[in-house]
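Novice: Sharing a structure below in structure tokens format, with a few things to ask.
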């Protein structure tokens with residue numbers, strides 16, 4: 001990865017201080033207005049002359065002092081920052097841009113307490129607090145060198161009439177085997193603002209539809225130096241940053257993060273626009289974070305397979321995994337994910353043999369681990385390894401010796417700073433041994449693809465395993481697929497684990513055996529491989545069913561990329577339909593899906609494609625086909641997509 005900030009354009013300029021300051025984006029359309037009034041500070045956001053965020057409080061309450069009142073703006077300065085970086089695991093492989101940086105210095109009772117640093121791009125805002133050392137009173141010989149953030153008053157206040165697209169924060173110790181919170185509740189579309197998800201709030205990212213456009217709120221740059229935050233609803237259309245719940249992590253660890261002084265919070269991010277294109281295409285999660293260590297090797301990516309989603313726990317045995325290795329090699333894929341209970345159902349000696357067998361076929365293994373410890377009751381093994389430094393590094397040395405490619409670690413159940421330390425420790429140790437890392441039952445990654453070079457992706461969503469468990473979830477598959485690329489997956493790689501040709505989520509592919517009934521088409525499943533972005537996708541393909549599928553479907557899944565150079569939002573409404581394009585190596589993949597009862601009839605504009613198109617599509621009678629079609633002179637194509645179906649265009653740039 002190459003990443004660099006370019007020389008700032010122009011010197012920082014102090015302005016004459018007044019009760020209000022404005023930071024304007026490079027294209028002059030986005031304005032952030034900063035205000036001081038009677039000892040409190042706030043901001044508002046305006047785009048194209050329209051109000052997207054009304055006056056919203058800023059400030060913190062800490063153990064050092066209450067820095068939400070008795071505040072005074074001391075100085076304000078702006079300059080322009082350009083950035084240029086390449087990172088192949090993101091939805092865009094090369095990213096360049098500019099931002100207007102504003103630094104607002106705030107004092108409390110005559111002492112400087114923090115700077116609020118804003119980075120304002122054309123459709124994005126990132127801001128954070130940078131604290132100074134502070135003397136609580138004049139008798140202190142030394143200023144404080146650390147602080148605990150007891151309450152973050154940072155808020156996001158929306159205009160009346162704003163609708164929400166949110167997923168609730170799970171209460172700690174709830175859910176199966178007390179493994180929550182795991183970011184595994186559904187997103188609900190088009191809800192009025194005002195409720196607070198049974199008092200727990202809402203996980204990042206949070207999507208809002210204002211009367212004039214769309215706003216996505218999230219955070220990035222979270223490491224062991226802070227906790228993961230979420231939003232609570234204070235009153236209708238008003239949302240505030242909240243620390244983790246005390247009940248997280250089985251009540252172990254503090255919910256209030258500690259920072260050194262001087263020290264910083266993570267970046268809070270706002271992406272907005274009059275349509276959803278800026279939201280789907282944003283790179284704000286990575287623009288201003290930097291790697292925390294160097295990669296120990298050249299990590300590689302690709303597609304893989306996974307037996308558990310179809311075969312469940314019983315499939316985690318030597319012979320089945322060997323079958324999946326053979327299938328993976330035949331597909332030209334990179335890896336096989338061996339899921340829970342491998343330590344007892346296969347055994348370490350046999351894993352060593354399987355790994356050698358896989359390597360001889362050009363395939364490598366990922367191994368599943370329980371993160372626990374002492375914070376939930378999940379019985380799956382291996383346990384008590386990833387939570388302990390000595391056990392973890394010993395295990396990773398064994399994996400490195402035996403050619404294991406990476407790990408999938410599950411069941412974290414907390415956003416506390418203590419848990420962020422565990423994520424970071426696992427990642428850093430894994431890098432020492434050349435291992436890639438996937439997290440499940442986990443928090444949202446917050447800039448981690450750039451911060452931790454061996455990080456692949458996280459679940460952090462109500463993912464494909466629920467297709468195995470529930471017919472109701474199967475019926476919601478297309479609905480969820482219209483949401484994730486513009487909410488959850490737009491801010492971080494998402495290890496969803498979907499894509500199957502089974503009609504039923506069991507090895508017999510039979511309605512008489514337990515396992516959800518798929519209602520989406522095969523073309524839809526192929527489209528999910530494009531819509532859901534993760535640099536290493538373990539797909540739910542089952543060898544015995546897949547071999548009987550039409551060769552053109554198999555050929556598509558053999559060739560579909562997992563690394564992308566660009567993304568374009570073409571049309572859509574979350575919860576209803578979506579048309580999204582991704583580019584890889586000069587070739588565009590355009591996917592349209594429909595979650596509504598009536599067929600999706602649209603004219604899709606494709607000015608970025610120059611060649612004839614390969615079209616994979618469902619017709620209204622349920623017939624699936626592949627054919628070559630010519631794009632019209634005006635670079636458009638008419639689609640007619642049935643519910644739970646898809647149309648996929650592939651063409652050269």
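Novice: State all residues of region 469-487 that are surrounded by fewer than 23 Cβ atoms within 10 Å (Cβ to Cβ) and either over 20 Å from residue 204 (Cα atoms) or assigned by TED's automatic domain parsing to the domain that holds residue 87 (or both); if no residue qualifies, say none.
Specialist: Of everything in region 469-487, those that are surrounded by fewer than 23 Cβ atoms within 10 Å (Cβ to Cβ) and either over 20 Å from residue 204 (Cα atoms) or assigned by TED's automatic domain parsing to the domain that holds residue 87 (or both) turn out to be 469, 470, 471, 472, 473, 474, 475, 476, 477.
Novice: Okay, next question. Which condition number does residue 528 fail, the rest of (1) at pLDDT 95 or above; (2) more than 18 Å from the chain's Cα centre (by Cα); (3) not in a loop (DSSP other than H, G, I, E, B) being met?
Specialist: In the conditions (1) at pLDDT 95 or above; (2) more than 18 Å from the chain's Cα centre (by Cα); (3) not in a loop (DSSP other than H, G, I, E, B), residue 528 misses (2) alone.
Novice: Counting only residues that are under 18 Å from the mean Cα position of the chain (by Cα) and touching a residue at least 60 places away in the same chain (Cβ under 8 Å), give me the helices (runs of 4 or more DSSP H) lying completely in region 441-489 with at least 3 of them.
Specialist: Filter on region 441-489 gives 448-451, 477-483.
Here is a yes/no grid of residues against (1) surrounded by 22 or more Cβ atoms within 10 Å (Cβ to Cβ); (2) in contact (Cβ under 8 Å) with a residue 12 or more places away in the chain:
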residue: 536; (1), (2): yes, yes
residue: 540; (1), (2): yes, yes
residue: 544; (1), (2): no, yes
residue: 548; (1), (2): no, no
residue: 558; (1), (2): no, yes
residue: 561; (1), (2): no, yes
residue: 566; (1), (2): no, yes
residue: 574; (1), (2): yes, yes
residue: 578; (1), (2): yes, yes
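Novice: May I pose another question? Quick test of your reading of the structure: residue 176 fulfils all but one of (1) farther than 23 Å from residue 245 by Cα; (2) exposed (fewer than 15 other Cβ atoms within 10 Å of the Cβ). Name the failing condition by number.
Specialist: (1)
Novice: Residue 172 - would you say it is touching a residue at least 24 places away in the same chain (Cβ under 8 Å), outside the structural domain of residue 379 (by TED's automatic domain parsing), farther than 16 Å from residue 265 by Cβ and in contact with a helix residue (DSSP H, G or I) (Cβ under 6 Å, 6 or more places away or on another chain)? Lay out the reasoning, then the answer.
Specialist: On the way: touching a residue at least 24 places away in the same chain (Cβ under 8 Å): yes; outside the structural domain of residue 379 (by TED's automatic domain parsing): yes; farther than 16 Å from residue 265 by Cβ: yes; in contact with a helix residue (DSSP H, G or I) (Cβ under 6 Å, 6 or more places away or on another chain): yes.
Yes, satisfied.
Novice: Here's another thing I want to ask about it. I need every pair where a residue in region 96-117 that is in the same structural domain as residue 138 (by TED's automatic domain parsing) and part of a strand (DSSP E or B) has its Cβ under 6 Å from the Cβ of a residue that is modelled with pLDDT under 95 and crowded, with 22+ Cβ neighbours inside 10 Å, sequence separation at least 6 or different chains.
Specialist: That search, which allows pairs on different chains as well, returns 111/134; 113/134.
Novice: Against the definition (within 15 Å of the chain's Cα centre (by Cα) and farther than 17 Å from residue 220 by Cα), how does residue 437 come out, yes or no?
Specialist: So residue 437 fits the description; yes.
Novice: Within region 561-606, can you find the residues that are in a loop (DSSP other than H, G, I, E, B), more than 22 Å from residue 474 (Cα to Cα) and more than 21 Å from the chain's Cα centre (by Cα)?
Specialist: Step one: list which residues in region 561-606 are in a loop (DSSP other than H, G, I, E, B), which gives 561-565, 574-576, 585-586, 595-599, 606.
From what's left, more than 22 Å from residue 474 (Cα to Cα): 561-565, 585-586, 606.
Matches in region 561-606: 585, 586, 606.
Novice: Of the residues 420, 396, which is surrounded by 22 or more Cβ atoms within 10 Å (Cβ to Cβ), under 30 Å from residue 332 (Cβ atoms) and in the same structural domain as residue 330 (by TED's automatic domain parsing)?
Specialist: Exactly one residue qualifies, and that residue is 396.
Novice: Okay, moving on. Working only within region 497-526, note down all residues that are free of Cβ contacts under 8 Å to residues at least 12 places away in the same chain and within 15 Å of residue 545 (Cα to Cα).
Specialist: If the condition is that a residue be free of Cβ contacts under 8 Å to residues at least 12 places away in the same chain and within 15 Å of residue 545 (Cα to Cα), then 508, 510, 511 are the ones that fit.
Novice: If you check every pair at least six apart or on different chains, which have Cβ atoms under 7 Å apart with a residue in region 45-59 that is on the phi > 0 side of the Ramachandran plot and not assigned by TED's automatic domain parsing to the domain that holds residue 154 first and a residue that is surrounded by 19 or more Cβ atoms within 10 Å (Cβ to Cβ) and assigned to a loop (DSSP other than H, G, I, E, B) second?
Specialist: Listed pairs, sorted by first residue: none to list.
Novice: Report yes if some residue within region 263-273 is out of contact with any helix residue (DSSP H, G or I) (no Cβ under 9 Å at 6 or more places or on another chain), in contact (Cβ under 8 Å) with a residue 24 or more places away in the chain and on the phi > 0 side of the Ramachandran plot; otherwise report no.
Specialist: If we filter region 263-273 for residues that are out of contact with any helix residue (DSSP H, G or I) (no Cβ under 9 Å at 6 or more places or on another chain), which is where we start, we get 263-266, 268.
Still in the list and also in contact (Cβ under 8 Å) with a residue 24 or more places away in the chain: 263-266, 268.
When the remaining residues are screened for being on the phi > 0 side of the Ramachandran plot, the result is none.
There is no residue in region 263-273 that is out of contact with any helix residue (DSSP H, G or I) (no Cβ under 9 Å at 6 or more places or on another chain), in contact (Cβ under 8 Å) with a residue 24 or more places away in the chain and on the phi > 0 side of the Ramachandran plot.
Novice: Continuing with this model, one more query. Taking region 464-509 on its own, how many of its residues are closer than 26 Å to residue 281 by Cβ, in contact with a strand residue (DSSP E or B) (Cβ under 9 Å, 6 or more places away or on another chain) and at pLDDT 95 or above?
Specialist: 19
Novice: Do we find a residue being touching a helix residue (DSSP H, G or I) at 6+ places or on another chain (Cβ under 7 Å) and under 20 Å from residue 419 (Cα atoms) anywhere in region 278-285? Give the steps one after another, and end with the answer.
Specialist: Going through region 278-285, the residues touching a helix residue (DSSP H, G or I) at 6+ places or on another chain (Cβ under 7 Å) turn out to be 279-280, 282, 285.
Filter again for under 20 Å from residue 419 (Cα atoms), leaving none.
Scanning region 278-285 turns up no residue that is touching a helix residue (DSSP H, G or I) at 6+ places or on another chain (Cβ under 7 Å) and under 20 Å from residue 419 (Cα atoms).
Novice: How many residues are surrounded by fewer than 15 Cβ atoms within 10 Å (Cβ to Cβ), in contact (Cβ under 8 Å) with a residue 40 or more places away in the chain and part of a helix (DSSP H, G or I) when one looks only at region 349-380?
Specialist: Residues flagged as surrounded by fewer than 15 Cβ atoms within 10 Å (Cβ to Cβ), in contact (Cβ under 8 Å) with a residue 40 or more places away in the chain and part of a helix (DSSP H, G or I) within region 349-380 amount to 1.
Novice: Please name all residue pairs, on different chains or six or more residues apart, with Cβ atoms under 6 Å, provided the first residue is in region 622-636 and is closer than 18 Å to residue 550 by Cβ and the second residue is in a loop (DSSP other than H, G, I, E, B).
Specialist: From residues that are closer than 18 Å to residue 550 by Cβ, the pairs are 628/612.
Novice: Here's a follow-up. I'd like the full set of residues that are touching a strand residue (DSSP E or B) at 6+ places or on another chain (Cβ under 8 Å), over 17 Å from residue 406 (Cβ atoms) and surrounded by fewer than 20 Cβ atoms within 10 Å (Cβ to Cβ), limited to region 285-327.
Specialist: 290, 291
Novice: Identify the single condition in (1) assigned to a loop (DSSP other than H, G, I, E, B); (2) under 24 Å from residue 442 (Cα atoms); (3) out of contact with any helix residue (DSSP H, G or I) (no Cβ under 6 Å at 6 or more places or on another chain); (4) touching a residue at least 24 places away in the same chain (Cβ under 8 Å) that residue 383 does not satisfy, given that it satisfies every other one.
Specialist: All conditions pass for residue 383, except number (4).
The values are calculated or read from the model by the stated rules, or taken from the named source; none is laboratory data. Model, not experiment: these values are computed from the prediction. Counting neighbours? That spans all protein chains shown, and the Cβs are built from the backbone with ideal geometry, glycine included.
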